[in-house]
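Undergrad: There's a structure below that I have some questions on.
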Amino acid sequence: MTLPDTLQVSCVQMHWAKPLERNLELTLDYIRLAAEEGSRVVLFPEANLTSYYFPYLLTLPRRVVREALAEVQGAVARAGLWAIVGTIQNTDDRCLNVAHVIDPTGRIVYEYAKTHLAGEDERKYCRPGGKIAWFELDGIPCALAICRDGRHPELYRLPAMAGAKIFWHPSCSSDTIEAVHWKRVSGRAQQPIGPTTMIFHCVANTVGQSPDGAQTSSGQSFIRDAAGLPLAEAGENEETMITAVLQLQRATGYYALDSLDHPAFLRPHWDALIADMKARADEPVA
């Protein structure tokens, strides 16, 4: 399949600790807005439907979450674009923090469960996923990870070695005010995708405080060129959407591919890891 020359993408920045009904309404609004602006893909933050606030999300019946997700699927089909949305859902064995990839017909065609859990509540109530995300979107090979996963380079460098062009990175940087301030001044602890892979990096982060005021989130969602330079970036506090056009030929994966060849003794090991990643990529998350 011939890849398109360009891809217009949008990243949505939303509050992380609001009720599902409000999150659903805002998600549907941003899907419509992304379509009106001509975007082919809209990326939402981590757990944008259920919220990341565990005292609330743990009370949500699985049926209610699935019904909300079905409404989003219908909206995506009407808009005729791709969407990546997030939920944290109860399962028979604890919760899973999942990113759902929805195609322009409204079908969920890929799901990835967060591998590296963050925060006391998430580690207590969730279980980690067991694969590295590898999927195609309009024929474009993609990587995907959730929030703290981005501190673990293998989750995007292995896909980049296999030819991924875009790293989708939904996030919820909720933490104490002091920790969030550190994330802002230090680059939010995000690994520099461009200088280590040469692929695009799209981050949809959250904003706002928890109901008890104990935690906040750092905002500053961004879309970065394959070289690591900013194409669009949101502020620290507002709910908003940013949009950029990706020139896909710029995503050469040069730095990741160079690691395949040097040092030479690692090449068989990289090849084996890539093959295993692809073999497991379509395993269900549940």
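The values are calculated or read from the model by the stated rules, or taken from the named source; none is laboratory data. Quantities reported herein were computed from a predicted structural model and do not represent experimental measurements. Every residue, glycine as well, gets a Cβ built from its backbone with ideal geometry; the counts of neighbours run over all protein chains shown.
Undergrad: Would you tally the residues in the range 95-120 being modelled with pLDDT of 95 or more, of a type in the set (D, E, K, R) and more than 22 Å from Tyr30 (Cα to Cα)?
TA: Residues flagged as modelled with pLDDT of 95 or more, of a type in the set (D, E, K, R) and more than 22 Å from Tyr30 (Cα to Cα) within the range 95-120 amount to 1.
Undergrad: Are there any pairs with C-beta distances below 6 angstrom linking a residue in the range 119-148 that is without any contact (Cβ under 8 Å) to a residue 24 or more places away in the chain to a residue that is among the aliphatic types (A, V, I, L, M), with the two at least 6 apart or on different chains, and if so which?
TA: Arg123/Leu117; Pro128/Leu117
Undergrad: Let me ask something else. If a residue must be assigned to a loop (DSSP other than H, G, I, E, B), more than 17 Å from the chain's Cα centre (by Cα) and either of a type in the set (Asp, Glu) or more than 20 Å from Asp175 (Cβ to Cβ) (or both), how many such residues does the range 1-48 contain?
TA: The total comes to 8.
Undergrad: Something else now. I need a count of the residues in the range 117-174 that are of a type in the set (Ser, Thr, Tyr) and at positive phi.
TA: 0
Undergrad: Within the group Gln209, Gln220, Gln247, which residue is in contact with a Ser or Thr (Cβ under 9 Å, 6 or more places away or on another chain) and within 19 Å of Ala143 (Cβ to Cβ)?
TA: The unique qualifying residue is Gln247.
Undergrad: Still on this model: Being part of a helix (DSSP H, G or I) and either buried (at least 16 other Cβ atoms within 10 Å of the Cβ) or not charged (D, E, K, R) (or both) is the requirement here; does Ala227 meet it?
TA: no
Undergrad: Can you pull out every residue in the range 144-164 that is of a type in the set (D, E, K, R) and either in a loop (DSSP other than H, G, I, E, B) or surrounded by 20 or more Cβ atoms within 10 Å (Cβ to Cβ) (or both)?
TA: Answer for the range 144-164, where residues must be of a type in the set (D, E, K, R) and either in a loop (DSSP other than H, G, I, E, B) or surrounded by 20 or more Cβ atoms within 10 Å (Cβ to Cβ) (or both): Asp149, Arg157.
Results for (1) surrounded by 23 or more Cβ atoms within 10 Å (Cβ to Cβ); (2) over 17 Å from Leu43 (Cα atoms); (3) touching a Gly at 6+ places or on another chain (Cβ under 8 Å), shown as yes or no for each residue.
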{"position": "Leu69", "(1), (2), (3)": "no, no, no"}
{"position": "Ala77", "(1), (2), (3)": "no, no, yes"}
{"position": "Arg107", "(1), (2), (3)": "no, no, no"}
{"position": "Glu120", "(1), (2), (3)": "no, yes, no"}
{"position": "Cys142", "(1), (2), (3)": "yes, no, no"}
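Undergrad: Pairs please, first residue from the range 79-93 and in contact (Cβ under 8 Å) with a residue 40 or more places away in the chain, second anywhere and in a loop (DSSP other than H, G, I, E, B) and of a type in the set (Ser, Thr, Tyr), Cβ atoms under 6 Å, 6+ apart in sequence or on different chains.
TA: Cβ pairs passing all conditions: Thr87/Thr50; Ile88/Thr50.
Undergrad: Separate question: Can you name the condition, by its number, that Cys172 falls short on among (1) closer than 18 Å to Arg250 by Cβ; (2) assigned to a loop (DSSP other than H, G, I, E, B); (3) under 12 Å from the mean Cα position of the chain (by Cα)?
TA: Among (1) closer than 18 Å to Arg250 by Cβ; (2) assigned to a loop (DSSP other than H, G, I, E, B); (3) under 12 Å from the mean Cα position of the chain (by Cα), the lone unmet condition for Cys172 is (1).
Undergrad: Take Ala35 and decide whether it is touching a Cys at 6+ places or on another chain (Cβ under 7 Å), modelled with pLDDT of 95 or more and not aromatic (Phe, Trp, Tyr).
TA: Spelling it out, it is not the case that Ala35 is touching a Cys at 6+ places or on another chain (Cβ under 7 Å), modelled with pLDDT of 95 or more and not aromatic (Phe, Trp, Tyr).
Undergrad: OK, next. Looking at (1) part of a helix (DSSP H, G or I); (2) free of Cβ contacts under 8 Å to residues at least 12 places away in the same chain; (3) of a type in the set (S, T, N, Q), which is the only condition Thr59 fails?
TA: The single condition Thr59 does not satisfy is (1).
Undergrad: Quick one: is Ser217 assigned to a strand (DSSP E or B) and either more than 15 Å from the chain's Cα centre (by Cα) or modelled with pLDDT under 95 (or both)?
TA: It is true that Ser217 is assigned to a strand (DSSP E or B) and either more than 15 Å from the chain's Cα centre (by Cα) or modelled with pLDDT under 95 (or both).
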